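Note sheet for the following structure.
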């Protein structure tokens, strides 16, 4: 099920859009705190963002720029400021489409469907994996946290990918070793231990202390 994140300060419009999106079987969530748009985006990990331009505190251009630091997720701008300058600015900041207000909900749905189909049916965009504010970008194999970016080796990335995909559940060492085996590199117990130790050291340097918990005799766990 696709997840749509709505960044719109008009409560009536936001509720109408969210209700219409839900009627199509998608999951919709509206922003609740306009000072923490990125944090809410990361926690929800949506497949598409609907973004107004005129927002409290910071405008939509600012937030689109911040989103593009984290993700390639498609962004559709919604705005009554539909002159050519604003449309060009929206596209320049990383927007994928622009729908002027007032708009028809069925037209909005068609635009969303088309963009989701282009983006995900052909594998053009990668999903976002998040835990405790740390975001693994599967597009460029990096981990981002509080404005900093951590470069990962192939095995470090694969370890985090599995743990994030299974967030809240314990992942056995055997499962991780099978995932690392897909790299065509020989992996044994010691290799996994060395990779895990190196990864934990990098995470601590990023400020993520005790990010990966060890469940003795069972495996490893990421918790919110």
Margin query: Given axes a ≥ b ≥ c from the Cα gyration tensor, I'd like to know whether the stretch 70-122 is rounded (a/c under 1.5), prolate (a/b larger than b/c) or oblate.
Written below: oblate
Check: According to the square roots a ≥ b ≥ c of the eigenvalues of the Cα gyration tensor, what is the shape class of the stretch 3-121, taking rounded for a/c under 1.5, prolate for a/b larger than b/c otherwise, and oblate for the remainder?
Finding: rounded
Check: Over the stretch 128-221, what is the relative contact order in whole percent, taking alpha-carbon pairs under 8 Å and six or more residues apart?
Finding: 24
Note to self: In the stretch 64-108, whose amide N lies under 16 Å from the spot 7 Å out along Cα-to-Cβ of residue 29? List them in ranges.
What the structure shows: 67, 71, 73-74
Next item on the list: If a/c stays under 1.5 just call it rounded; otherwise compare a/b with b/c (prolate if a/b is bigger, oblate if not). Do that for the chain, with a ≥ b ≥ c from the square roots of the Cα gyration tensor eigenvalues.
Entry: prolate
Next item on the list: Normalising by the residue count of the chain, find the relative contact order in percent from Cα pairs under 8 Å and 6+ residues apart.
Entry: 14
Next item on the list: Subtracting the Cα-Cα distance from 0.36 nm times the residue separation, let me have the gained length for residue 11 to residue 84 in nm, one decimal.
Entry: 23.6 nm
Item checked: the chain: calculated mean residue ellipticity at 222 nm from DSSP helix runs of at least 4, using -39500 (n - 2.57) -> -12500 deg cm²/dmol
Next item on the list: Find the Rg to Rh ratio for the stretch 1-48, where Rh is the Kirkwood radius over alpha-carbon pairs and Rg uses the same atoms.
Entry: 0.95
Note to self: Running a GNM on the chain with Cα contacts under 10 Å, which residue among 56, 46, 74 ends up with the highest mean-square fluctuation?
What the structure shows: 56
Notebook entry, point to check: Hey, with R₀ at 35 Å, roughly what FRET efficiency would residue 221 and residue 36 work out to, going by the Cβ-Cβ distance, to 0.05?
Noted result: 0.85
Next item on the list: Just grab the label-to-label distance for residue 68 and residue 153, each label 7 Å out from Cα along the Cβ direction, in nm (one decimal).
Entry: 3.4
Check: What translational D, rounded to a whole number of µm²/s, comes out for the stretch 18-76 from Stokes-Einstein when the hydrodynamic radius is the Kirkwood one over Cα pairs, at 10 °C and 1.306 mPa s?
Finding: 132
Notebook entry, point to check: Where does each of 63, 24 land when they are ranked from fewest to most other beta-carbon atoms within 10 angstrom?
Noted result: 24, 63
Check: Arranged by the count of other C-beta atoms within 10 angstrom, fewest first, what order do 105, 78 take?
Finding: 105, 78
Next item on the list: Please find, in a Gaussian network model of the chain (springs between Cα atoms separated by less than 10 Å), the residue of 31, 12, 135 whose mean-square fluctuation is greatest.
Entry: 12
Margin query: For the stretch 1-90, what does the relative contact order come out to in percent, with C-alpha contacts under 8 Å and a separation of six or more?
Written below: 30
Note to self: Looking at the chain as a GNM with Cα springs under 10 Å, which of 19, 54, 205 has the largest mean-square fluctuation?
What the structure shows: 205
Note to self: Sort 83, 10 by Cβ crowding within 10 Å, fewest neighbours at the top.
What the structure shows: 83, 10
Next item on the list: Equivalent ellipsoid semi-axes for the stretch 128-221, as square roots of 5 times the alpha carbon gyration tensor eigenvalues: give them largest first, rounded to whole Å.
Entry: 20, 15, 12
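The numbers here are math on the coordinates, done by the rules we state, and not lab data. Being a predicted model, the structure only gives us computed values, none of them experimental. No Cβ is skipped: glycine too gets one built from the backbone with ideal geometry, and neighbour counts run over all protein chains shown.
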